[in-house]
Ligand SMILES: [Zn+2]
């Protein structure tokens, strides 16, 4: 077992969710969430953050501070590179407007790294590091929405540097979904699918949700994540969570489509509705 990952799991204390058998996992996760049902879907402070398993405090999880959504929206309009991010900015602002109190960026953001890879060489030179994309975007979005801005450095994160400790990803239908007060730290990615239903283009909403979900599965089962530990008997799991904006069966279907790309190491739990 990856030693860093093992150390991280030992640090969780209490029940090690990694040892919970697959057939019991849906029930175990639901029990955790039910402990703080109110703060889960009605958090006092609404923070937009990266879907990353190490970003604490968030109640909406997207790729970086919404930068992947912006990029995909701009790309749909025929743009490329940084221009796609700029042209998609208003779409991200529309989705998140009225829904958040603060926007966060974080150190070592993989989503920002993906977008950085889509920039031209000249565009990349404007940024010293891929994290700077997220910082620039998050500040701009916070300003536009009249929200606060915060940056989360590595020592403020709930996973070790360069190691992903998640065993699951919530494919979340509720607009707000803050697991901080009910789940052990660092165990889950959160992809906020429900909030994307504010998009008029429902096909684009589904495609964006599934792109983010696939990215989470890729990272979590990759070499900096579970790697060989994700097996058919103990897979990385997608947990669909129905909400008022999007019903559970739709999320289950999209989840199964994504899991199909990771045969043998990603499974979809039955999920539940909040
Ligand atoms: Zn990130």
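The values are calculated or read from the model by the stated rules, or taken from the named source; none is laboratory data. Worth saying up front: this structure is predicted, and the values here are computed from it rather than measured. Here Cβ is always computed from backbone atoms with ideal geometry, including for glycine, and neighbour counts include all displayed protein chains.
Before moving on, here are some points about what is shown:
- Residue 178 more than 14 Å from the ligand (Cβ to nearest atom) and modelled with pLDDT under 95: no
- Residue list for the range 35-75, restricted to those being in a helix (DSSP H, G or I) and at pLDDT 95 or above: 40, 41, 67, 68, 69, 70, 71, 72, 73, 74, 75
- Exclusive hit being surrounded by 21 or more Cβ atoms within 10 Å (Cβ to Cβ) and touching a helix residue (DSSP H, G or I) at 6+ places or on another chain (Cβ under 6 Å), set 199, 213, 251: 213
- Those residues of the range 46-72 which are in contact with a strand residue (DSSP E or B) (Cβ under 6 Å, 6 or more places away or on another chain) and on the phi > 0 side of the Ramachandran plot, in sequence order: 57, 64
- Within the span defined as the range 172-185, every residue fails to be surrounded by fewer than 18 Cβ atoms within 10 Å (Cβ to Cβ), free of Cβ contacts under 8 Å to residues at least 24 places away in the same chain and either over 16 Å from the mean Cα position of the chain (by Cα) or under 17 Å from residue 215 (Cα atoms) (or both).
- Complete set of residues in the range 215-250 that are assigned to a helix (DSSP H, G or I) and more than 15 Å from the chain's Cα centre (by Cα): 227, 228, 229, 248, 249, 250
- Hits in the range 156-181 - residues which are under 16 Å from residue 47 (Cβ atoms) and outside any strand (DSSP E or B): 156, 157, 158, 174, 175, 176, 177, 178, 179, 180, 181
- Within this structure, residue 232 passes the test of being touching a residue at least 24 places away in the same chain (Cβ under 8 Å) and surrounded by fewer than 21 Cβ atoms within 10 Å (Cβ to Cβ).
So that you can scan it fast, the table gives a plain yes or no per residue for (1) more than 16 Å from the ligand (Cβ to nearest atom); (2) in contact with a helix residue (DSSP H, G or I) (Cβ under 9 Å, 6 or more places away or on another chain); (3) closer than 26 Å to residue 154 by Cα; (4) not in a helix (DSSP H, G or I):
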{"residue": "86", "(1), (2), (3), (4)": "yes, yes, no, no"}
{"residue": "90", "(1), (2), (3), (4)": "yes, yes, no, no"}
{"residue": "93", "(1), (2), (3), (4)": "yes, yes, no, no"}
{"residue": "116", "(1), (2), (3), (4)": "no, yes, yes, no"}
{"residue": "119", "(1), (2), (3), (4)": "yes, yes, yes, yes"}
{"residue": "124", "(1), (2), (3), (4)": "yes, yes, yes, no"}
{"residue": "132", "(1), (2), (3), (4)": "no, yes, yes, no"}
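- Entry remark, the range 139-155: residues being buried (at least 16 other Cβ atoms within 10 Å of the Cβ), part of a helix (DSSP H, G or I) and touching a helix residue (DSSP H, G or I) at 6+ places or on another chain (Cβ under 8 Å) number 3 in total.
- Residue 74, sole failed condition from (1) surrounded by 19 or more Cβ atoms within 10 Å (Cβ to Cβ); (2) touching a residue at least 40 places away in the same chain (Cβ under 8 Å); (3) more than 16 Å from the ligand (Cβ to nearest atom): (2)
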